[in-house]
Amino acid sequence: MMNLRVDELDDQYSGDADDVNDYSWFVEEEKEDEVIDETESEEEAEDEDDDDDGDDEEEKYNISESEDDLETEILMRRCSKHICLNNNLYESEDLSQGIPLRASTAPARPLTELEDFRRSSDFLLLENAVMLSSKLMKRSDNKYDLDSSEGQRICKRFLGQIERLCENFTVKTSSREYRSEFSQAYRVLFVDASLSYLTEILDSAQEGFPFLYVNGEKYMFSQDVLEAGQKLFHGFCEIQHELNNIYSLACDENPHASVEEIKEDIRANLEAFDKYWVTFEQLYVFELMLIEADARRYITNAVEIEKEIMGMEMKERSKGKIFLDSEEYNNCRK
């Protein structure tokens, strides 16, 4: 632009070379104007940058301030396009047949029968039983570890969960009246009015030892006891498998059975397991009592003989005689 003006001036003053220096002031003023313009441009640019920074900070502040109300803001923006907030009328006749405004907290959909069952205490007990079943410890021979403290502790918890399932699902368990005929040594192991699934009974069933040594004598268990033990161990494995299948069915979104059918299936499996348990427990404990009684016969006989001797001694003393000289005593010694 400066060159154009210089050329124009050259055309005007081309006739007089001495006058050329007369418009040199014009060129210098143009240079000063350009320097001033550049300075002002830089200042304006800095002001704009400062404004942008301020706007950015303000925008960040506004964004952080409204994060909690983001969902409300989005909903209001959507509604404002179609709803007149002042009188709750539609803004245009075209939208008069649209979907009416509904509350953001609409009532929940009623639960299905299956969903209601999943929130019940019965389902929670079933779930806990399945979880404990998965934690049972097994040995290399595929039998359960009931020798270690940890293995026995987990098994006790699982059996306790089976008892609670029987109570919650009102299972028709077998009578335990036979326990009243147990000796005192066995009665103390069982809690009154309780199913009392003991790990000791389960361990004897799974081991299935055909004989037992007591005081050096060998005693054989009857075939009924051995068969009942096998059925109980098989039933123990089966109840775990069935409960796991029932739990998977109850967790299915589209089960092929109703909730009542699921509960009935649980009852049937628990009832079958309880029958296996009662049959073995009754036969096994009664045979143990017979074995123990026979093994104690030497001690029992010695006690009975001691009682007879004491009676004879008292009888002879009442006659004023010495017991060792008694004919009856000497006959007993023979």
query: What's the number of the condition Tyr178 fails, among (1) of a type outside the set (A, V, I, L, M); (2) over 25 Å from Asp145 (Cβ atoms); (3) part of a loop (DSSP other than H, G, I, E, B); (4) open to solvent by less than 40 Å² (accessible area, probe 1.4 Å)?
result: (3)
- prompt: Based on what the data block shows, is Phe236 of a type in the set (A, V, I, L, M, F, W, C), within 25 Å of Leu288 (Cα to Cα) and under 34 Å from the mean Cα position of the chain (by Cα)?
  reply: yes
statement: Note on region 223-241: residues open to solvent by 40 Å² or more (accessible area, probe 1.4 Å) and either assigned to a loop (DSSP other than H, G, I, E, B) or not hydrophobic (A, V, I, L, M, F, W, C) (or both) are Gln223, Asp224, Glu227, Gln230, Lys231, His234, Glu238, His241
- line: Of (1) among the hydroxyl-bearing types (Ser, Thr, Tyr); (2) at pLDDT 80 or above; (3) surrounded by 15 or more Cβ atoms within 10 Å (Cβ to Cβ), Tyr329 satisfies every one except (2)
message: Looking at region 244-269, I want the residues that are touching a residue at least 24 places away in the same chain (Cβ under 8 Å) and have a partner that is surrounded by 12 or more Cβ atoms within 10 Å (Cβ to Cβ) and among the charged types (D, E, K, R) with Cβ atoms under 7 Å, at least 6 apart or on another chain. Which pairs are those?
response: Ile246/Asp265; Tyr247/Glu127; Ala250/Arg118; Asn269/Glu242
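Regarding region 146-154, can at least one residue be identified that is at pLDDT 85 or above, in contact with a Ser or Thr (Cβ under 7 Å, 6 or more places away or on another chain) and either in a helix (DSSP H, G or I) or surrounded by 10 or more Cβ atoms within 10 Å (Cβ to Cβ) (or both)?
First, pick out the residues of region 146-154 that are at pLDDT 85 or above: 146-154.
Within this subset, residues satisfying the condition of being in contact with a Ser or Thr (Cβ under 7 Å, 6 or more places away or on another chain) are 146, 152.
Add one more test, that the residue is either in a helix (DSSP H, G or I) or surrounded by 10 or more Cβ atoms within 10 Å (Cβ to Cβ) (or both), and what stays is 146, 152.
Checked against the condition, which is being at pLDDT 85 or above, in contact with a Ser or Thr (Cβ under 7 Å, 6 or more places away or on another chain) and either in a helix (DSSP H, G or I) or surrounded by 10 or more Cβ atoms within 10 Å (Cβ to Cβ) (or both), region 146-154 yields at least one hit.
The values are calculated or read from the model by the stated rules, or taken from the named source; none is laboratory data. Note that the structure is predicted; figures quoted are calculated from it, not measured. Heads up, the Cβs are rebuilt from the backbone with ideal geometry, glycines too, and the neighbour counts pull from every protein chain shown. Remember, those area values only see protein heavy atoms, side chains included, never the ligands or the DNA or RNA. Shrake-Rupley method; radii C 1.70, N 1.55, O 1.52, S 1.80 Å.
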